[in-house]
1. Out of curiosity, is F592 buried (at least 20 other Cβ atoms within 10 Å of the Cβ), among the aromatic types (F, W, Y) and over 19 Å from the mean Cα position of the chain (by Cα)?
2. Among the numbered criteria (1) in a loop (DSSP other than H, G, I, E, B); (2) under 38 Å from the mean Cα position of the chain (by Cα); (3) not β-branched (V, I, T), which single criterion is violated by G414?
3. More than 30 Å from I348 (Cα to Cα), of a type in the set (D, E, K, R) and modelled with pLDDT of 90 or more: is that true of E514 in this structure?
4. Applying the selection to the stretch 188-206, what residues are surrounded by fewer than 16 Cβ atoms within 10 Å (Cβ to Cβ) and assigned to a helix (DSSP H, G or I)?
5. Can you go through I441, I419 and tell me which one is of a type in the set (V, I, T), buried (at least 19 other Cβ atoms within 10 Å of the Cβ) and at pLDDT 90 or above?
6. Name the pairs: first residue in the stretch 51-62 and not assigned by TED's automatic domain parsing to the domain that holds I222, second residue among the polar types (S, T, N, Q), Cβ to Cβ under 6 Å, at least 6 apart or on different chains?
7. Look at the stretch 552-575 and say how many of its residues are surrounded by fewer than 18 Cβ atoms within 10 Å (Cβ to Cβ) and either among the small types (G, A, S) or in contact with a Lys or Arg (Cβ under 6 Å, 6 or more places away or on another chain) (or both).
8. I'd like to check something: does the stretch 433-452 contain any residue that is out of contact with any strand residue (DSSP E or B) (no Cβ under 8 Å at 6 or more places or on another chain) and part of a loop (DSSP other than H, G, I, E, B)?
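The values are calculated or read from the model by the stated rules, or taken from the named source; none is laboratory data. Small disclaimer: the values here were computed from a predicted structure and weren't measured. Because the Cβ atoms are built from the backbone with ideal geometry, glycine has one as well, and the counts that use them run over all protein chains shown.
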Amino acid sequence: MWRTCLASAFRTALACTIVGAATLYGPEWILRYVAFPAFSYVTIILIITDATLGDTLRGCWLALYATCQSVAPAIITLKLIGPARLTAGTTALAAALAAFVVVLPNGSTHLVAKRIALGQIVLIYVIGYINGAETDPVMHPLRVAASTALGVIACVLALLVPLPRLATSEVKQSCKEIGQNVTTRVKLYMKAFCAEDAMTAMASVSQARELSRISSKLYQTIKRYQPSMKWERLPFKIWRWQNVNDNKGEKLQSMEIALRGMDMVLASKSPIPASLLAGEVKDDLKNVQERVNLSIKRVNNVPQPSVTPETDLQKPDECLQTLQQVPETPQDLPFYFFLFCLRLLETISTAKPEETKVKPEENKGSVKTKSRSWSWFSDWDSKKVMPATKLSLSLGLAIFLGSLYSKPNGYWAGLPVAISFAAAREATFKVANVKAQGTVIGTVYGVMGCFVFQRFLTVRFLSLLPWFIFSSFLSKSRMYGQAGGISAAIGAVLILGRKNFGQPRDFAIDRIIETFIGLACSIMVELILQPTRAANVAKLELSRSFHALYGCASLFGAKASKGEIMESQKKLRSHLNLLKKFTEEAQAEPSFWFTPFNASCYEKLFKSLSKLADLLQFSGYAIGFLDEQGRWKSPQCKEILSDIDSDLKSLTQSISLLAKSFEEITLLKSLDALEKALTKNGNTSWDIELGKTPNPSFSSPESEPGKILNTYLQHCRGVSDGIFRADDEEGEEVKVDKSEVVLSLSALGFCVEKMGKETREIEEMVKEVVQSENPSSHVNLHEISCKIRSLYK
């Protein structure tokens, strides 16, 4: 972290030094064209923050694109209106309309380009209004463009000195570290699995979980820098020799599911029967571990010595080959599931890239082409119009009120709104708070720097370096984040990086007040146009997550294709990620006079739903392994496997129906509203028996998952009693990989048991959420579900 922050601060300071040297000590012609050095610094902060060379090259293109979006229309507008006729109202209206046009194509334009374009719009129109008739309609916008260009050039030069920071190298290094991380975690999980005492096992699991958190950050690094790689390869084809596969990070991340399964076994704290780890099993498990490590290293293209017979990737695992019998008791299932995860990890690591992707349907190409041809019209969708409307109103109002407060400094109210534009939903009050604090502390630092080094302009400028280092740490902190760090950096550089802007104290006070005006306008427009609280959005996303779970679980009994199952699981993961995001946002927002948000329940629900999604994915893998052994199915086997499918279908159908009920319950505004709706519709009486079939409950003493598990194990033992050979159509004997069948069947048994437990946990958490929203009511989920269904019968 120190290395990253210092490198980022050094390059930011170097780029600002280039701009400072050009504007403070440069020739007169530079000062004539670069009339707004403050925006040159702002451009640097927007582009170079934690950037690679690829990011900077992309920033050059984005700055050019943004300039075409803002400068060319502004020249025409100023020519038609005339700067002398501009007023505070017409300036705000012109800037708001221009901002609306820039922001409207929400998905097709990069966020940096929009921020640069919006900043240029503020400077062009507001300074044009300030200078009035003295404003040249053509040269004034071009000077804004020249100031932007100087900042972009400084970014490129700073990223090349002393050596270019490449996104390709960052991704390659992250992939290497992830490979080492996965190898170490497998070793720790194996150590915990074979440990003889619980203390040693938990110590290894704790280390592995810490490495898991580090691994997630490395995956974020890969995701962050992969789009920048193509910008580095475009002008420099010779760098392709670094042999970084764009899909390598995805393949490494796909291994996480197997590691989560190992952690799931060890987290359950279920003791592994000593009889299963007796004899040479531990030594055989070490051989399996070595095979997995070799596979992971091959994924990362790590040079390997000649493979010895002990670690031959083609040699069968003796401990797995001895598995010829499905476990008779649920206590043995964790042992088999752990071995299944090891096999799954090896399978994923050795799979070809095309095998891990779902092939799209042939007829989807025409649909995609058609959707692209109509993409312009899709921009008028409400989801895209709303961000543009909010930004344009916020910007126009900020410029109008800022100009009324102080005409010479009116643009400082609009600039914070422009350069902090975010297309996605944010925690409004939290972000506004950190922006305000960052602006204040950065401005205070700038004023102090001017006071201490009043007569030494060079020393005053160099004092920015420690502040950039501090701002880099602020950007990575949980308290301030990137918004607060950027605000702090801009607040200081606007004072210490310029001269002849008046008294620093007066400028600092005016800018702080103008910034607060801009932030207040943003909050007010957000509350008026999108008053939905983050807590309500999180509640809606929880309901959508249950709907996605319903669809995912329903496919297991519908003979769906592998592609459909993977697509449903991907959709479920997407909704869970949004649930986590909105939960964090709701937790950060103040409650005011509303009911406090029950963040702990939502976090527990997210964890349980994530585990349930993992278990469904494990079930899909196990079914896939069984399908690969489908050639050995005799009529007797097909009958028993049909019973096994029926057991799994029974459980997944129960989960899907329960998820459907939870979806309906979490959509309720309140229990009082439900009672009023029942009274209004005349459904004052309802039959609780109506809910028994569609709403199975797992909290009864006779647990349905327990029954299903016992029946399932009986059917599995019927498969393992010797029906592993079958004659093919030509009469030749076909041998079955018994270990694959036993591991897959045992893994399904483990998933059946765990899915029942997680569903009970989810039921309890949903009840707690409903109770927290209706503190004066008695909550009975089954009763509530029956009432909901009576409204639609």
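1. Numbers: buried (at least 20 other Cβ atoms within 10 Å of the Cβ): no; among the aromatic types (F, W, Y): yes; over 19 Å from the mean Cα position of the chain (by Cα): yes.
It is false that F592 is buried (at least 20 other Cβ atoms within 10 Å of the Cβ), among the aromatic types (F, W, Y) and over 19 Å from the mean Cα position of the chain (by Cα).
2. The failed condition is (1).
3. Working: more than 30 Å from I348 (Cα to Cα): yes; of a type in the set (D, E, K, R): yes; modelled with pLDDT of 90 or more: yes.
So E514 passes the test.
4. Residues of the stretch 188-206 that are surrounded by fewer than 16 Cβ atoms within 10 Å (Cβ to Cβ), as a first pass: 196-200, 202-203, 206.
Answer for the stretch 188-206, where residues must be surrounded by fewer than 16 Cβ atoms within 10 Å (Cβ to Cβ) and assigned to a helix (DSSP H, G or I): A198, M199, T200, M202, A203, S206.
5. Details: I419 fails: at pLDDT 90 or above.
Being of a type in the set (V, I, T), buried (at least 19 other Cβ atoms within 10 Å of the Cβ) and at pLDDT 90 or above holds for just one of I441, I419, which is I441.
6. T52/S228; G54/S228; D55/S228
7. Matching residues across the stretch 552-575 total 6.
8. Step one: filter the stretch 433-452 for residues out of contact with any strand residue (DSSP E or B) (no Cβ under 8 Å at 6 or more places or on another chain), giving 433-452.
Restricting the remaining residues to those that are part of a loop (DSSP other than H, G, I, E, B) gives none.
The answer is no; no qualifying residue exists.
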